[in-house]
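The structure under discussion appears below in the form of structure tokens.
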Amino acid sequence: MAQTLQNTLYLLTPGLSVHRDGLALRIEQEKQLKLSLPVHNLESVFVFGADIYLSPAVLRLCWEHGAAVCFFTDWGRLEARVEGVPRGSVMLRRAQHRAADTLAISAAIARAFVAGKLHNTRWLLARSARDAPDAEDATLLRVATDQLAYLLRELGKTPDDLDIIRGVEGRAAALHFAVFARHLRPPLRPQFLFDGRNRRPPRDALNALLSFLYALLRHDCTSALTAVGLDPFVGFLHTDRAGRESLALDLMEEFRPWVERLALTLVNRSELKPAHFTVRDGGAVELTEPARKLLVAAYQQRKVEEIAHPLFSEKVRYAQLPFIQARLLARALGDRVTYEPHLFT
């Protein structure tokens, strides 16, 4: 599969080979032409997996025309970025740093991240309410959905004060986790007790599960931001802290409900059982080695599934969404346009 979105070429299918054809890239599979793309239409080439070949002439053509070539593992970890003498990245990072130091811009971007999270959490709650076998569960999930709708309206009226915006996000998270156990099928709740979010270390199986999936998501968001030339350590919603990828945490917010849905699906289908977790001395709960393997496989499988993207007239893989959003954020910072979060429907 070779796909172009936002002037970025995604090479996703093992066995693809890319050769130079004048000033164009010729993408082939088993010596059959799949796509021909002029290099001047490209800003980046994203290569996923080790079994995709790019000729040296293609690499030279790309860096001569300012298109960075980024190599990722099948899991989405950025391994290498090939480009000519850097030209645009420093300007983008300067724009990012200026925006982070400008309250009005920081507040607008932080609001967008929180709005995406609230909308997508409502999406998750509404799906569970629709499928809930218990009337009380359905009612409580719908009430939480309505409360988040109120907070979304309140968010739009907040002043340019990051503490107030963070406060709205915190209240939304508290509402969501207050009913989180209601996403589970009733017979499973005694086995997966949940009394709110806790971490470092997680004290129950669901929190251990969420922490692990959030870590995978954080990794993907960091790779996406780095690939487009942004500094993953300089955020807007999350404050600066030594060693913390604040912008990756910002970008994660709109995708957290997506991984939460995966976690709930695995538990509700009994693919994950209490035996997949172990309790350490002191009460910390950890995933067993088989559980981690199962989770990584499930996460990667979900990432190759496709959805219709609301901004494009074609389907994309879930794995591409963080990269698309990172590119939109880069353009918002560089061109001073509004950042729009990804909204699940």
Counting Lys and Arg as +1 and Asp and Glu as -1 over every other residue whose Cβ sits under 10 Å from the Cβ of LEU333, the net charge comes to +4
Mean projected area (nm²) from the convex hull of Cα positions in the stretch 132-239 is 8.7
Here, LYS157 and GLN32, labelled 7 Å along Cα→Cβ, have an inter-label distance in nm of 5.9
With T = 20 °C, eta = 1.002 mPa s and Kirkwood Rh from C-alpha pairs, the Stokes-Einstein D of the stretch 210-278 in µm²/s is about 162
Sorted by chain and then number, the residues having a modelled amide H within less than 5 Å of the amide H of VAL45, at least 5 places away or on another chain, are LEU9, ALA68, VAL69, CYS70
Note: probe point = Cα of VAL82 + 7 Å toward Cβ; backbone nitrogen < 11 Å; residues of the stretch 29-50 passing the test are 47
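Using the Cα atoms of the chain to build a convex hull, what is its mean projected area in square nanometres?
18.7
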Note on the stretch 5-81: alpha-carbon gyration tensor, axes a ≥ b ≥ c; rule is a/c under 1.5 for rounded, else prolate if a/b larger than b/c, else oblate; result oblate
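Near LEU103, within a Cβ-to-Cβ distance under 11 Å, what is the net charge of the other residues, with Lys and Arg +1 and Asp and Glu -1?
With Lys, Arg at +1 and Asp, Glu at -1, the net is -3.
Let me know the whole percent of all Cα-Cα pairs from the stretch 245-327 that are separated by more than 22 Å.
41
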Expressed as a percent, the accessible surface of the chain that is carbon or sulfur, using a 1.4 Å probe and the full set of protein chains, is 53
Quick P(r) readout (the stretch 93-194; Cα-Cα; 5 Å bins; whole %) gives 2, 13, 21, 17, 14, 11, 8, 6, 4, 2, 0
Dividing the helical contributions, -39500 (n - 2.57) per DSSP H run of n ≥ 4, by the residues of the chain yields a 222 nm value, nearest 500 deg cm²/dmol, of -15500 deg cm²/dmol
Per DSSP loop assignment and a cutoff of at most 10 other beta carbons within 10 Å, the chain keeps its longest run without exposed GluC sites (Glu not before Pro) at 31-304
Semi-axes a, b, c in Å (a largest) for the stretch 2-136, each sqrt of 5 times a Cα gyration tensor eigenvalue, come to 36, 25, 12
Counting only backbone N atoms under 12 Å from a point 7 Å out along Cα-to-Cβ of LEU188, the residues of the stretch 124-150 in range are none
Karplus-derived 3J(HN,Hα) from phi for the stretch 156-168 (6.51 cos²θ - 1.76 cosθ + 1.60, θ = phi - 60°), whole Hz, x at Gly and Pro, runs x, 9, 5, x, 7, 9, 5, 5, 5, 4, 4, x, 4
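Could you tell me the calculated FRET efficiency between GLU340 and ALA138, based on Cβ-Cβ distance and R0 = 35 angstrom, to the nearest 0.05?
With R0 = 35 Å, the Cβ-Cβ based efficiency is 0.65.
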Computed ³J(HN,Hα) along the stretch 337-345: with the Karplus parameters 6.51/-1.76/1.60, θ = phi - 60°, integer Hz and x for glycine or proline, the list is 10, 6, 7, 10, x, 7, 10, 7, 10
Residue-normalised value, i.e. accessible area per residue, for the chain at 1.4 Å probe, in Å², stands at 47
A correct Kirkwood calculation over the Cα atoms of the stretch 77-146 returns a hydrodynamic radius in Å of 15.9
The ³J(HN,Hα) series, computed from each phi in the stretch 177-183 with the Karplus coefficients 6.51, -1.76 and 1.60 at θ = phi - 60°, rounded to the nearest Hz and given as x for glycine or proline, is 6, 5, 10, 4, 4, 5, 6
Nearest 10, in degrees from 0 to 90: the angle of helix 205-227 to the longest Cα principal axis of the chain is 20
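The values are calculated or read from the model by the stated rules, or taken from the named source; none is laboratory data. All of these numbers come straight from a predicted model, not from anything done at the bench. Note: ideal-geometry Cβ built from the backbone for every residue, glycine included; neighbour counts use all protein chains shown. Remember, those area values only see protein heavy atoms, side chains included, never the ligands or the DNA or RNA. Shrake-Rupley method; radii C 1.70, N 1.55, O 1.52, S 1.80 Å.
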